[in-house]
Amino acid sequence: MALEAFNNLLGYVRVTFCCFFLFKTVALSSVPRNESELQLFRDLQRANLLSYFDVMIELGGDDVQQLCEAGEEEFLEIMALI
């Protein structure tokens, strides 16, 4: 049941991307494929940083909890890659 609901949400998110990006200059080449990527997407969206989504996914930075728990030095190293 939960997986079905999540898949339905992903379908909704994909449609929303299509509509949303018609009016925005930010274009993503990928969409969230799982819950952790969706959480990252929402957090970046709230911070107006969606342009970093693809890069963070490519670098394996989809674990928002890990980013929150990183020390300052580790966080700055991660951000330097992005």
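Extending 7 Å from Cα along the Cβ direction at GLU35 and again at LEU67 yields two label points whose distance is 1.8 nm.
Backbone geometry of region 68-82 corresponds, through the Karplus equation with coefficients 6.51, -1.76 and 1.60 at θ = phi - 60°, to 3J(HN,Hα) couplings of 5, 8, 5, x, 4, 5, 5, 4, 5, 5, 5, 5, 5, 5, 7 Hz, x marking Gly and Pro.
Taken together, the values in this text are just the output of simple stated rules run on the coordinates, not laboratory data. Just so it is clear, the structure is predicted and the values come from calculations on it, not from any experiment. Quick reminder, even Gly has a Cβ in these numbers, built from the backbone with ideal geometry, and neighbours come from all protein chains shown.
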